Amino acid sequence: MPEKIVVGTRGSKLALAQTEKVIAHLKAEGYEVEIRIIKTPGDIMKDRPLHEFKGMGAFVRVIDEALVDGDIDIAVHSYKDVPSKINGVIAAVLERESPCDAFVTREGLTIDELESYSVVGTSSLRRRAQIKRYRPDLKIENLRGNVDTRLRKLREKQYDAILLAEAGLIRLGLNEKVRYQSLNPEIFVPSANQGIIAVETRKGEEDLVSFMNHKRTAVEAEVERAVLKELGVGCAVPVGIYAKFDGKIRLYCEVLSHDGSRAVRVEETLSPKTAIEEAIIIARELKKECGGMLVG
């Protein structure tokens, strides 16, 4: 067991806030910790929509390689950014914060109150499709950048509303400072693993961080990723997957057309004992119903 653990992370305020949560667990166990900031393609090429990045996740690949090369001992990720195939292994997840999307306007308006033809900023194809389905009269434009940048562009009136992950606002301490509407995840089904912080280690070194694994969150994450893997899609297809574990597991899945005009949706209750197997079967049936909608 190393005396000092080198933690790899992106350098944004949000990434560092997430990493500090992991570091708090490590320090409580008596570890000395060093943070190593790693720039990723997703951080550098901010003018491109995320669905245009090919291969391993835009925010993960370089950090994953640093882990394999031994430059870092563990990596901290937003789990929703982590692709199904990585070189290491996700050895722990922290307790999930909100899975919801936050709808933010300057005046604190709800999505129902926003005027027709207002401009909504998001880089997510899923959020774009869900908004177009719910409010086809709104105009959607691409929006990249960290949370501060997106909020600044909203204040500068480049957009009338923007969409963010509520968990990000909470982790940055902005949930009490920014007026927003938390969108119902049963209607605006979030991305798989939204609101979950994942800790990656090299294979065989899972014990380094397994003590901080949150079991209920881990079940939700595994169910969501089982569906995502079976569907075989990335961020180029508008897909929402959300599992809520409260005694039993309630699973919400939907695949949308890019303009939100079509959607195939499933809501099922799963048994915790067989949740993964059931989720895979549901995903297979969903895949059959979707047909060409799953082609990005």
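Read-outs: derived from the displayed coordinates by stated rules, not from any lab. Just so it is clear, the structure is predicted and the values come from calculations on it, not from any experiment. Note that we place each Cβ from the backbone using ideal geometry, even for glycine, and neighbour counts take in every protein chain shown.
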Discussion item. At a threshold of 8 angstrom on Cα-Cα distance, excluding pairs fewer than six apart, so keeping six or more, what relative contact order does the chain reach in percent?
Written reply: 21 percent
Practice prompt. Could you work out the local net charge near Y159, counting Lys and Arg as +1, Asp and Glu as -1, over the other residues with Cβ closer than 10 Å to its Cβ?
Written response: +3
Fill in: Antiparallel bridge percentage (DSSP; both residues within the chain; nearest 5)
70 percent
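Determine, for each peptide in 111-117, 275-281, 201-207, 95-101, the mean count of other beta carbons within 10 angstrom over its residues, then list the peptides with the highest first.
For the peptides 111-117, 275-281, 201-207, 95-101, the packing ranking is 95-101, 275-281, 201-207, 111-117.
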Discussion item. If you wrap a convex hull around the alpha carbons of segment 101-182, what volume per residue comes out, as a whole number of Å³?
Written reply: 80 Å³
Discussion item. On a straight-distance basis, which lysines could pair with K287 in a cross-link, Cα separation under 19 angstrom, same-chain partners fewer than 8 positions away excluded?
Written reply: K229
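Go ahead and run the numbers for FRET between E3 and E267, Cβ-Cβ distance against an R0 of 45 Å, rounding to 0.05.
0.35
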Fill in: Under the Debye formula (equal points on every Cα, no solvent term), log10 I(q)/I(0) of the chain at q = 0.07 Å⁻¹
-0.26
Item to complete: Take the Cβ-Cβ distance between K203 and I281 as r, set R0 to 41 Å, and report the resulting FRET efficiency rounded to the nearest 0.05.
Response: 0.90
Item to complete: In Å and from the alpha-carbon atoms only, list the Rg and Dmax of segment 160-296.
Response: 16.3, 49
Worksheet item: Efficiency by 1/(1 + (r/R0)^6): what FRET value for F211 and K139, r their Cβ-Cβ distance, R0 = 45 Å, to the nearest 0.05?
Response: 0.40
